[in-house]
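Notes for the one structure printed next.
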Amino acid sequence: MTAQDALEAADASRFQKRLLGWFDRNKRDLPWRRDRDPYRVWLSEIMLQQTRVAAVTDHYHKFLRRFPTIEKLASARESSVLAAWSGLGYYRRARMLHAAAKKIVKG
């Protein structure tokens with residue numbers, strides 16, 4: 001490692017520590033950050049695409065009450081999934097989420 005490489009690595013390390021410190025002090029308390037269940041994380045990521053966080057939060061809870069597991073989502077009728085998605089827009093996301101859930105559950 002050259003002296004320049006070592007300096008760049010040290011700068012990157014300092015930046016990383018500062019950024020993570022800032023995040024710890026300023027992060028928003030969001031429901032999908034409290035749970036590491038892959039289904040819930042995946043759902044939040046799909047919902048958050050091109051949608052404001054404020055709009056997603058309520059829909060996230062309602063959707064999970066209706067479809068608490070990937071198995072429940074996979075076994076649902078598309079019309080039910082679309083009804084639960086109502087208000088988020090971009091319904092293609094809901095259709096693709098539903099189709100993916102079916103494939104995952106089917107194995």
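Key figures for this structure:
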| read-out | value |
| --- | --- |
| Those residues of segment 81-105 which are surrounded by 14 or more Cβ atoms within 10 Å (Cβ to Cβ) and of a type in the set (Gly, Ala, Ser), in sequence order | Ala84, Ala94, Ala100, Ala101 |
| Answer residue from segment 60-80, given it is of a type outside the set (Ser, Thr, Tyr) and open to solvent by 70 Å² or more (accessible area, probe 1.4 Å) and is nearest to Pro38 (Cα to Cα) among those | Glu71 |
| Residue check, Arg52 open to solvent by 50 Å² or more (accessible area, probe 1.4 Å), over 10 Å from the mean Cα position of the chain (by Cα), over 16 Å from Lys102 (Cα atoms) and at pLDDT 90 or above | yes |
| Neighbours by Cβ (under 7 Å, 6+ apart or cross-chain): first from segment 89-106, under 15 Å from Glu78 (Cα atoms) and touching a residue at least 24 places away in the same chain (Cβ under 8 Å); second open to solvent by 70 Å² or more (accessible area, probe 1.4 Å) and not polar (S, T, N, Q) | His98/Glu78 |
| Given (1) out of contact with any helix residue (DSSP H, G or I) (no Cβ under 8 Å at 6 or more places or on another chain); (2) open to solvent by less than 70 Å² (accessible area, probe 1.4 Å); (3) closer than 15 Å to Ala84 by Cβ, index of the condition Asp37 fails | (3) |
| Leading residue by the ranking (nearest to Lys72 (Cα to Cα)) among those in segment 1-34 that are among the aromatic types (Phe, Trp, Tyr) and open to solvent by less than 100 Å² (accessible area, probe 1.4 Å) | Trp32 |
| Number of the exception - Thr57 against (1) within 14 Å of Leu97 (Cβ to Cβ); (2) surrounded by 15 or more Cβ atoms within 10 Å (Cβ to Cβ); (3) at pLDDT below 95 | (1) |
| From Phe67, Phe15, Phe63, residue being without any contact (Cβ under 8 Å) to a residue 12 or more places away in the chain and among the hydrophobic types (A, V, I, L, M, F, W, C) | Phe15 |
| Number of the exception - Thr51 against (1) free of Cβ contacts under 8 Å to residues at least 24 places away in the same chain; (2) under 19 Å from Tyr90 (Cα atoms) | (1) |
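The values are calculated or read from the model by the stated rules, or taken from the named source; none is laboratory data. Quick caveat, the model's predicted, so the values are computed rather than measured. Ideal geometry is used to build each Cβ from the backbone, glycine not excepted, and the neighbour counts take in all protein chains shown. Accessible surface areas use protein heavy atoms only, side chains included; no ligands, DNA or RNA. Shrake-Rupley method; radii C 1.70, N 1.55, O 1.52, S 1.80 Å.
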